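Reviewing the structure listed below.
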Amino acid sequence: MGGSNEKPAHNPAPGSKSNTVSAIKEAIGGAAGVALAAMSITRAQFIHRACIANLYVVEAAKIAERRAQRADVREFAKAMRADHEKMGRELKSFIGGTNSPQSPPEELDAVHQTLIDNLHGAANEHFDERYVAQQKIAHQEAITLFKTYQRTGTDDGMRSLIGLALPVLEGHLQMVRRLEQDAHS
């Protein structure tokens, strides 16, 4: 693909994914992701997981900007896209600035691709619910990942960058919780 950000044209059609099955898959994947994120990790593992998580949030936000039924969900997606594109640039800049031989991943892993497929396949009437549920899981996982590296990591520069990103991620989680509450009121 030579640097193109275009995704393959095999995205599931809206309504082709069961809302219940998707919710179960996401809950299981989210619990596993949070548990994995809580383990002591190396700098390379942190960079890899943080970049994948960030790519996922940006990709999910792009879908939500087009498909969300509620205006507040579309606005949230727009904010997620902007904030996480900025985080991605800052992380990549930091990695490059440390002469790291590690290059950040450019594509999603299988777990995060499944989440994206579930968003593409969500029926219109279930899309907002799916997106908000996924963002809650994703941000809980990211916060756990960042706190774990901040607590156990050895790269002071990376820990400092995490210190700047954590309040943003925690703010996003609060926004997600408000969206959930608004959906149930």
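The values are calculated or read from the model by the stated rules, or taken from the named source; none is laboratory data. All figures in this text were calculated on a predicted structure; none of them were measured in a lab. Note: ideal-geometry Cβ built from the backbone for every residue, glycine included; neighbour counts use all protein chains shown.
Every residue, every condition in (1) part of a helix (DSSP H, G or I); (2) more than 13 Å from the chain's Cα centre (by Cα); (3) at pLDDT below 55, yes or no:
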| residue | (1), (2), (3) |
| --- | --- |
| ILE24 | yes, yes, no |
| ALA27 | yes, yes, no |
| ALA32 | yes, yes, yes |
| MET39 | no, yes, no |
| ILE63 | yes, no, no |
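Does the stretch 127-177 hold any residues that are of a type in the set (D, E, K, R), farther than 17 Å from ALA61 by Cβ, more than 14 Å from the chain's Cα centre (by Cα) and modelled with pLDDT of 95 or more, and which are they?
The one that is of a type in the set (D, E, K, R), farther than 17 Å from ALA61 by Cβ, more than 14 Å from the chain's Cα centre (by Cα) and modelled with pLDDT of 95 or more: ARG177.
Does GLU85 meet the test of being free of Cβ contacts under 8 Å to residues at least 60 places away in the same chain, out of contact with any His (no Cβ under 9 Å at 6 or more places or on another chain), over 23 Å from GLN174 (Cα atoms) and among the acidic types (Asp, Glu)?
It is false that GLU85 is free of Cβ contacts under 8 Å to residues at least 60 places away in the same chain, out of contact with any His (no Cβ under 9 Å at 6 or more places or on another chain), over 23 Å from GLN174 (Cα atoms) and among the acidic types (Asp, Glu).
Does ASP109 fit the bill of being closer than 14 Å to LEU55 by Cα, modelled with pLDDT under 95 and not hydrophobic (A, V, I, L, M, F, W, C)?
Answer is yes for this residue.
Residues checked against (1) surrounded by 18 or more Cβ atoms within 10 Å (Cβ to Cβ); (2) modelled with pLDDT under 95; (3) in a helix (DSSP H, G or I); (4) not hydroxyl-bearing (Ser, Thr, Tyr):
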residue: PHE76; (1), (2), (3), (4): yes, no, yes, yes
residue: HIS84; (1), (2), (3), (4): yes, no, yes, yes
residue: ARG89; (1), (2), (3), (4): no, yes, yes, yes
residue: LYS92; (1), (2), (3), (4): no, yes, yes, yes
residue: PRO104; (1), (2), (3), (4): no, yes, no, yes
residue: ILE116; (1), (2), (3), (4): yes, no, yes, yes
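Would you be able to say whether some residue in the stretch 46-53 is in a helix (DSSP H, G or I), at pLDDT below 95, touching a Gly at 6+ places or on another chain (Cβ under 8 Å) and of a type outside the set (D, E, K, R)?
yes
Within the stretch 112-150, work out how many residues are over 14 Å from ARG49 (Cα atoms) and among the basic types (Lys, Arg).
Counting residues in the stretch 112-150 that are over 14 Å from ARG49 (Cα atoms) and among the basic types (Lys, Arg) gives 2.
Note down all Cβ pairs under 7 Å where the first residue falls in the stretch 152-176 and is loosely packed, with under 13 Cβ neighbours inside 10 Å, the second is of a type in the set (Phe, Trp, Tyr) and assigned to a helix (DSSP H, G or I), and they're at least six residues apart or on different chains.
Note: pairs meeting the criteria are GLY157/PHE94.
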